[in-house]
Amino acid sequence: MKKTLTLFLSLALILALTSFSAMAEEPVSGTGKGQGIDGDVVVKVTADAEKIYEVEVVEQNETPGIGSVAVEKLPAAIVENNSLMVDNISGATVTSVAIKDAIVEALNEAGIDPAPFQQEISAEDAGEKTAETLDCDVVIVGAGGAGLTAAVRATQEGAKVLVLEKMPMVGGNSLKASGGMNCAGTKFQEAEGITDSGVAEFIEDTMNGGHQLNDIDLVTTMAENSSEAVDWLESIGAPLPKVAATGGTTHKYLHSPEDGSPVGVFLIEKLSAAVEENGIEVMLNTKATHILMEDGAAVGVMAEDDDHVYTVNAKSVILATGGFGSNFELMCSFNPSLANAVTTNHPGATGDGIMMAEEVGAATVDMDQIQLHPTVYQATSMLVSEKMRSLGAILVNQEGVRFCNDLATRDAVSAAELEQTGGYAYIIFDQNLVDHNNSAKEYIEKGMASEGETYEELAENMGLEGDAIQSFVETMDKWNAAVAAGVDEEFGRNNGMDDDLSTAPYYAIQIAPGIHHTMGGIKINPEAEVIDTDGNVIPGLYAAGETTGGVHGGNRIGGNAVCDFVVFGRIAGLGAADYALQAVEEAA
Ligand code: ADP
């Protein structure tokens, strides 16, 4: 009897175990949610302990064309790689992270441990890429104005420098700087007898321009070091001897090349030549992905190109990755109304450095401070000069009517445009204006403008429809009358009203606000050291240029982007080199 019972119990146990293990092997489903740009992203996952079979996004409200790309592509990539460690979809990081968080929650709900799906994918497993290790004293991420300046300065100090640039060319947004570099107390100002544009005035103008949001210590450092910075540029073969007033101020700080060429192209060319002369290696098409940390200090970066995954061992790291004016997902997370804006930024301005720094505990400042320029031609992101409005042009919307004081501040005009149908407007001008402005001629030559012999014809060629055509004609007549009276009763515009818009033919360019500069970014101190969220320096980690925040506050004044990248590029280069060389000495 006892024997029979034992046999029965053993059989029952075997049966139970078999059915339990059969149950465990059976794929199960669970749902989970993650925080997207606009509410929860809800995901249903079917998996067992070893394999993710299906990921379905069942609920989401992500930005079309941005987050929606992650919704479309990421689930398939996760299933294909059987891993949550696949790359986030570029430009859609928030949605990507939301999907991954939702999957973890769904797996947990289904009783499956997510850990096996969260192991780093090794280069070998990833298939194509070969793992390689590189060594240097200072690794610099980004080869725009700040990165190249820092590279030359660090090399002059005796450090072995490696520069990583993710794009196929150097220059970043710096290449697009057209005006000059604001500097105070320079020998070039002295040579021209300019005595009223010193460091104190420069600081005051920068703080006022930035709505007093700026970090006064960083502004002071920039202004006090600007004269030495312009001398240093001359010493490496990049003199900026011409001095003029910056737009909007009466002071003369703006230093530019002798031949009047755009400052960005000039400086990137000269800095690149200095990089070459100093034998500095720049790896193009190589994107840094993470900062390597050891005992709380930055000791290198992970990077990759098409064929390799690099471990770059260094003694110090400089982030010079520029702003995030091409990362709509990130910008929209601070200001959703920007979804309709175009950008004047180069495609590499995606805020990588800010995200890498945050990953290792860095603080950020003023991330919501994003500068818009109100008149950017959408198709090519070309700026239509503010001067057009100063000479008499006006702005109308798709309904054929004006909607604001066309010459209010850039922020105000941009905000008004974004509220119009489609988030865009037209800048209207006439032949008289074209006859007095070369830029206007250029816009017409480039095919940017619609044209009409009458206001009706122009309206039709602009694509206005129905009542909007008649409204446009009335708007033009009303505007011409306002100019004759010298009073804009509708919106209170009080300048740029010397000439009306009555000389045929008439022209219109469709424009929209263009994202121009991201003022916020990584928090640094005046030594260009990165500060963590507790207010402490992260040893070995430096940052300079548009990737940092605090210098420009709520609004950057023209000419200060270049001063920022030269001054803080030099400070970061010197600081990172000294830190690295000291580490080498200590190790010896
Ligand atoms: P700054 O004026 O601050 O120097 P730029 O926009 O001129 O800014 O230059 C930043 C450079 O950094 C660009 O050339 C950009 O392509 C590069 N960059 C951005 N992110 C990365 C990254 N993850 N890895 C390597 N280079 C990067």
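Brief remarks on what is shown
- Computed over protein heavy atoms with a 1.4 Å probe, the accessible surface of the chain works out to 44 Å² per residue.
- Packing order of peptides 395-403, 303-311, 221-229, highest average first: 221-229, 395-403, 303-311 (average count of other Cβ atoms within 10 Å over each peptide's residues).
- Karplus-derived 3J(HN,Hα) values for the stretch 535-541, using 6.51 cos²θ - 1.76 cosθ + 1.60 with θ = phi - 60°, are x, 9, 5, 8, x, x, 10 Hz; glycine and proline are entered as x.
- Stretching the chain fully between Asp87 and Glu359 yields a gain of 96.4 nm (0.36 nm per residue, less the alpha carbon separation).
- Sorted on the mean count of surrounding Cβ atoms within 10 Å across their residues, most packed first, peptides 477-489, 265-277 read 265-277, 477-489.
- Inter-label distance for Lys51 and Thr380, nm, one decimal - labels placed 7 Å from Cα along Cα-to-Cβ: 5.4
- All aspartates and glutamates inside 19 Å of Lys523 as judged from Cα atoms, apart from same-chain residues fewer than 8 positions distant: Asp215, Asp217, Asp352, Glu358, Glu359, Asp366, Asp368, Asp532, Asp534, Glu546, Asp564
- Net charge in the neighbourhood of Val79 (other residues with Cβ under 12 Å of its Cβ; Lys, Arg +1, Asp, Glu -1) is -1.
- Relative counts (whole %) of C-alpha pair distances in the stretch 372-514, using bins that are 5 Å wide: 2, 11, 22, 25, 24, 14, 2, 0
- Here the chain has 50 percent of its accessible surface on carbon and sulfur atoms, given a 1.4 Å probe and all protein chains in place.
- Once the Kirkwood radius over Cα pairs is known for the chain, the Stokes-Einstein relation at 10 °C and 1.306 mPa s delivers a diffusion coefficient of 59 µm²/s.
- Under a 5 Å amide H cut-off, with hydrogens placed 1.01 Å from N, Thr289 pairs with Met302, Ala303, Glu304 among residues at least 5 apart or on other chains.
- Within the straight-line cut-off of under 22 Å between alpha carbons, the lysines reachable from Lys33 are Lys44, Lys51, Lys73, Lys100, sequence neighbours fewer than 8 places apart in one chain being disregarded.
- Under 15 Å, Cβ to Cβ, from Asn313 - net charge with Lys/Arg +1 and Asp/Glu -1: -4
- One equal scatterer on each Cα of the stretch 28-118, no solvent, Debye formula: the resulting log10 I(q)/I(0) at q = 0.15 Å⁻¹ is -0.45.
- Gain on full extension, evaluated as 0.36 nm per residue between Ile444 and Asn335 minus their Cα-Cα distance, stands at 35.9 nm.
- Under 16 Å from Lys441, Cα to Cα: lysines that are on another chain or at least 8 residues apart: Lys387
The values are calculated or read from the model by the stated rules, or taken from the named source; none is laboratory data. Small disclaimer: the values here were computed from a predicted structure and weren't measured. Heads up, the Cβs are rebuilt from the backbone with ideal geometry, glycines too, and the neighbour counts pull from every protein chain shown. SASA here: full protein model, heavy atoms, side chains in, ligands and nucleic acids out. Shrake-Rupley method; radii C 1.70, N 1.55, O 1.52, S 1.80 Å.
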